[in-house]
Amino acid sequence: MLDAFREYFDFMEQLGRLLEQLTELEKEKTAAVRRDDLLGVDNCMKQEQALSLTLRAMDRKRETLLAGMGLRDVALSGLVQNSPEELRPEARAAAEKLRSRYVLYRSAADVARTTLECNLHQIERLLADEAYAPANRGSIADIRA
Amino acid sequence: MGNLSTFGTFTMARLGIYASQYALNVTGNNISNINTDGYSRQSLDQTSMNYGAADRYQSKYDVRANGGVLATGVNQLRDQYLDIRYRNEMTKVGEMDAKLDGLNQLADIFDEVNKGEDQAGVLEARFNELIQVIETQHQDQNTNQDDIDKIVRSAAEALAIQFNDYAKQLETLTENKIAEFRDELDATNTILTKIRDLNASIRKSEVFGGSALTQRDERNLLIDELSEKIGINVLYETENLGDGVEVEKLKISTSGDPERVLVDGIYAAQLSIAKTTKGYDANGDEVPPKDATVARWETVENENFNLNISELEDAKGNLDPADPNMTKQVFSVQSLGDDASDWDKVKNVVKRLTFDNSGGTTAAQKAEAYEKALNEQYGFTTSGTGGPRFHVSDTEMTDGEKAAGMYVVHFHMGPSGTEYNFVNIDDERVTQLNDTELSGGLQAMRELLTEAGEYSTAATLSRDDLAYDADAATKRGIPYYKAALDTLARKFAEVMNEANTLPDEVVYRTNKAGKFVDETGAVLADQTDRSTYVLREEYSYYDGGALFSNSGNTDDTEGITAANLSISHSWAHGSVHVLQSTQENATSRANDNLAHIIATLTKDHDFVYGSNTTGVTSFKGTFQEMLTDTIAGTLAKDQNITDTMRDNYNTTADELYVDRDAIMGVDLNDEAMNMMQFQKAYSAACRLMTTYDGMLDKLINGTAV
């Protein structure tokens, strides 16, 4: 059982590193949006998609590991209390680290989303203005002298 | 031939002149307000004037031109989407700012980098000094007990004082933060009131056809300021005043779930700290409010700093008939104290009561409902006159008291008991917000004052924290650091006292049955009176005991905290000494126990965090590690994360501000172009007028007979 918990703590460390990667990616995406680099944004989103698939696989592994420890449906906040006495300090440290990384990831993701949405809004406004531009109303320019 | 209006073109030219003049006015206003904080660029709305319905007998060869331009109004250039996003971001910035400010102040207290100058002491250094001093005594093999005690006690006292100082600074920080929280609450209420008043002003202006653009700018600035303190949703609705007149109605609600309305047009609510009723018996000890021994009640602020939202009221105190917040009714009662005629005491003690709003509409119905709810709250029976009970009257007030919503509440102690008169001066209704309904600066300050993280107890978590906030047990505010420091102090005292004390059964004379005996071997009458115990011969040197206590006046080791950690009375007065040895028949040169104390101070210990609803957690490590990891290390991590998040949100907020400003800000280039354009248009309109004047002159004076 102790080995199962230690394995889970190692898994949490891996998950934390993945979250760190995602955080960096979100920052990169935000920077790309700010410098109007569409290709950069596209690249980031592709990487994000790949990492999301990895995240999904890790989530399934998480459920398996938790089930093996008899902790199915136990949230991260309940991990320490449900850990063996001798592993609680380790559990606390692992949970705290993962939580911190997750909080930072959420913050970076929020910022990226806000920046992207505001830029899309600006594009929408420009497109709406363009719709009323003379060139789009089928008018003909008289170029006779 | 078509219909030609003889003087229609004059009207056209005149309208053109007016429109250009208005446009120049608007341009001038924009330019003059270029540096006005919160000013939104304005533009003139123009529309082409149409003559109206077609003539019945209009010729198909007729050519018709429109009748000129009409200036229909001035509007502001703003993007509501950007406003919403900016305010959402500012809520997060406000939250992180408040949190970081608190964490930075905590870091000033737990300053482990500074080397002890200017009162910014280093707790770890004090620990190390104590260990160093004991090691020196151990190595030097000092045999002078008084010397050893003096030196070690001095270092121990410095450590205890450092703990006390940290605890005092935390207490001061808590008081300052509470004051700051109240100030922020007052500031928030002031903003809500100002927005309400501006709404009323804008509404009045719109009713009379104005656009109130300046007031709208002022209002937008206030809403921006409010968004830093609370997460809000802003909604622009229309209010139908009848006869086809519609005016705008601004609604501001909290962004939590459920939404609570803060401003509804010309009505606004106020926030206040929720109150709790406590009962005290005749000795002044706290008892449950319903207890039969209650001699007086006292209403105090809720220790979780939960907030109430009041009813929505306009500037004159009239209630919003469609107030969506109110689900509970609060009945406020004030005690007159012992002297029923002393009306000044009325304001001092307030009892508050909440119950479902089923009191009916008439005063009599409300009085009946209040009476029932009061007696239920305090567990009194309403039938008969035998026991203590409340009676609420709706007929004994003066007209003025009635108009103020007052009722007279009698409290009958019994047939032979005293009757107290209470007067309800505040038939107030409030809605209490749960733990996570707020976001923004106010919520951050609340969490700083109340969240104890891993040190949350079942009692604190049962304050509906976990029901609404699954992270309640992981959020760390000042209480967390207080509890951590107390845990460290308590463990230190426990460990030191244990190392300096041998079990009574070991050092004092006992018989084979384990009973304490005197010099003659007789069993002592009072087995618990330690003053009658007799030392064994082998431990005749023994003078160990508690080195630390919860007060310098006692040896009591119960309830030691960082604030009260002290050198024990016995150690300070020489009846207890640092135990140099625990060996039987130890000589004056034996100092094995000093080595044991050093080992105890440098080894790992289990620091128990305390219980939450799901069990006990602990930290295992040395005292220094507990300090650097659980306290300073955790604080540093929290600071780092909060700082990073604040920078993220700040940068985004700045960008949104710039984007917003690009739309609503005044661009001198644009305005200069507009100025030239409208000036040309004005000249052209004037020219049209003079041209037509010339034509008419020719027609009238050149062709008439």
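Does at least one position in segment B:638-655 carry a residue that is under 30 Å from B:Y481 (Cβ atoms) and exposed (fewer than 14 other Cβ atoms within 10 Å of the Cβ)?
Within segment B:638-655, one or more residues are under 30 Å from B:Y481 (Cβ atoms) and exposed (fewer than 14 other Cβ atoms within 10 Å of the Cβ).
Would you mention how many residues in segment B:656-670 are surrounded by 19 or more Cβ atoms within 10 Å (Cβ to Cβ) and more than 13 Å from chain A (Cβ to nearest Cβ)?
Of the residues in that region, 2 qualify.
Just to be sure I understand, how many residues within segment B:499-516 are in a helix (DSSP H, G or I) and touching a residue at least 60 places away in the same chain (Cβ under 8 Å)? So that I can check it myself, show each step before the final result.
Within segment B:499-516, the subset in a helix (DSSP H, G or I) is B:499, B:504-507.
In the following step, the residues that additionally are touching a residue at least 60 places away in the same chain (Cβ under 8 Å) were identified as B:499.
Within segment B:499-516, residues that are in a helix (DSSP H, G or I) and touching a residue at least 60 places away in the same chain (Cβ under 8 Å) number 1.
Which of the residues spanning segment A:85-106 are more than 8 Å from every other protein chain (Cβ to nearest Cβ) and among the basic types (K, R)?
A:K97, A:R101, A:R106
Please verify whether A:A32 is outside any loop (DSSP other than H, G, I, E, B), touching a Cys at 6+ places or on another chain (Cβ under 7 Å), open to solvent by less than 20 Å² (accessible area, probe 1.4 Å) and more than 30 Å from B:T630 (Cα to Cα), treating the condition exactly as stated. Lay out the reasoning, then the answer.
On the way: outside any loop (DSSP other than H, G, I, E, B): yes; touching a Cys at 6+ places or on another chain (Cβ under 7 Å): yes; open to solvent by less than 20 Å² (accessible area, probe 1.4 Å): yes; more than 30 Å from B:T630 (Cα to Cα): yes.
When the stated conditions are applied, A:A32 passes them.
Which members of segment B:213-235 meet the condition of being free of Cβ contacts under 8 Å to residues at least 24 places away in the same chain and either closer than 24 Å to B:Y649 by Cα or not β-branched (V, I, T) (or both)? Before the answer, list the steps.
The first filter runs over segment B:213-235 and keeps only residues free of Cβ contacts under 8 Å to residues at least 24 places away in the same chain, leaving B:214-215, B:235.
The answer is B:Q215, B:L235.
Collect the residues in segment B:63-99 that are within 14 Å of chain A (Cβ to nearest Cβ), of a type in the set (A, V, I, L, M, F, W, C) and surrounded by fewer than 19 Cβ atoms within 10 Å (Cβ to Cβ), keeping them in residue-number order.
Those that are within 14 Å of chain A (Cβ to nearest Cβ), of a type in the set (A, V, I, L, M, F, W, C) and surrounded by fewer than 19 Cβ atoms within 10 Å (Cβ to Cβ): B:L77, B:I84.
Just for segment A:35-84: of the residues that are exposed (fewer than 14 other Cβ atoms within 10 Å of the Cβ) and within 14 Å of chain B (Cβ to nearest Cβ), which one is farthest from the chain's Cα centre (by Cα)?
Among residues in segment A:35-84 that are exposed (fewer than 14 other Cβ atoms within 10 Å of the Cβ) and within 14 Å of chain B (Cβ to nearest Cβ), the one farthest from the chain's Cα centre (by Cα) is A:P84.
Considering only residues that are open to solvent by less than 60 Å² (accessible area, probe 1.4 Å) and aliphatic (A, V, I, L, M), look in segment B:545-564 and name the one that is farthest from B:L130 (Cα to Cα). Spell out how you get there, then give the answer.
First, the residues of segment B:545-564 that are open to solvent by less than 60 Å² (accessible area, probe 1.4 Å): B:545-552, B:554, B:559-562, B:564.
If we keep only those that are aliphatic (A, V, I, L, M) too, we end up with B:546-547, B:560, B:562.
Numbers: B:A546: 17, B:L547: 13, B:I560: 19, B:A562: 17 Å.
Result: B:I560.
For every residue, the table says whether it meets (1) open to solvent by less than 70 Å² (accessible area, probe 1.4 Å); (2) acidic (D, E); (3) farther than 30 Å from B:I663 by Cα.
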| position | (1), (2), (3) |
| --- | --- |
| B:E129 | no, yes, yes |
| B:D146 | no, yes, yes |
| B:D149 | yes, yes, yes |
| B:I161 | no, no, yes |
| B:A167 | yes, no, yes |
| B:T214 | no, no, no |
| B:D217 | yes, yes, no |
| B:L222 | yes, no, no |
| B:E225 | no, yes, no |
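Looking only at segment B:251-262, decide whether some residue is open to solvent by 50 Å² or more (accessible area, probe 1.4 Å), in contact with a helix residue (DSSP H, G or I) (Cβ under 9 Å, 6 or more places away or on another chain) and of a type in the set (V, I, T).
Looking through segment B:251-262, none of the residues is open to solvent by 50 Å² or more (accessible area, probe 1.4 Å), in contact with a helix residue (DSSP H, G or I) (Cβ under 9 Å, 6 or more places away or on another chain) and of a type in the set (V, I, T).
Does segment B:695-703 contain at least one residue that is modelled with pLDDT under 95, among the small types (G, A, S) and within 28 Å of the chain's Cα centre (by Cα)? Can you show your working first?
Looking only at segment B:695-703, we keep the residues that are modelled with pLDDT under 95, and these are B:695-703.
Next cut, among the small types (G, A, S) only: B:702.
Those left that are additionally within 28 Å of the chain's Cα centre (by Cα): none.
So far as segment B:695-703 goes, no, none of its residues is modelled with pLDDT under 95, among the small types (G, A, S) and within 28 Å of the chain's Cα centre (by Cα).
Restricting attention to segment B:644-678, which residues are among the aliphatic types (A, V, I, L, M), in contact with a helix residue (DSSP H, G or I) (Cβ under 8 Å, 6 or more places away or on another chain) and over 30 Å from B:Q21 (Cβ atoms)? Full working, then the answer.
In the first step, residues of segment B:644-678 are kept if they are among the aliphatic types (A, V, I, L, M); the result is B:645, B:653, B:656, B:658, B:662-664, B:666, B:668, B:672-673, B:675-676.
Applying the additional criterion that residues be in contact with a helix residue (DSSP H, G or I) (Cβ under 8 Å, 6 or more places away or on another chain) yields B:645, B:653, B:656, B:663, B:666, B:668, B:675.
Hits for segment B:644-678 are B:M645, B:A653, B:L656.
Quick check on segment B:642-650. Is at least one of its residues of a type in the set (D, E) and facing another protein chain (nearest Cβ under 10 Å)? Even if it seems obvious, please write down each step before you answer.
Just the residues of segment B:642-650 that are of a type in the set (D, E), to begin with: B:643, B:647.
From what's left, facing another protein chain (nearest Cβ under 10 Å): B:647.
Within segment B:642-650, one or more residues are of a type in the set (D, E) and facing another protein chain (nearest Cβ under 10 Å).
With the condition kept exactly as written, say whether any residue in segment A:52-71 is aliphatic (A, V, I, L, M) and assigned to a loop (DSSP other than H, G, I, E, B). First the steps, then the outcome.
Within segment A:52-71, the subset aliphatic (A, V, I, L, M) is A:53, A:55, A:57-58, A:65-67, A:69, A:71.
Cutting the leftovers down to assigned to a loop (DSSP other than H, G, I, E, B) gives us A:69, A:71.
Yes; the residues of segment A:52-71 include at least one that is aliphatic (A, V, I, L, M) and assigned to a loop (DSSP other than H, G, I, E, B).
From the list A:E90, A:E48, A:E86, which one is of a type outside the set (V, I, T) and more than 29 Å from B:S456 (Cα to Cα)?
Values: A:E90 fails: more than 29 Å from B:S456 (Cα to Cα); A:E86 fails: more than 29 Å from B:S456 (Cα to Cα).
One residue alone meets the criteria, A:E48.
The values are calculated or read from the model by the stated rules, or taken from the named source; none is laboratory data. It should be emphasised that the depicted structure is a prediction, and the values quoted were computed from it without experimental measurement. Glycine also receives a Cβ, built like all others from the backbone with ideal geometry; neighbour counts cover every protein chain displayed. Surface accessibility is based on the protein's heavy atoms, side chains included, excluding ligands, DNA and RNA. Shrake-Rupley method; radii C 1.70, N 1.55, O 1.52, S 1.80 Å.
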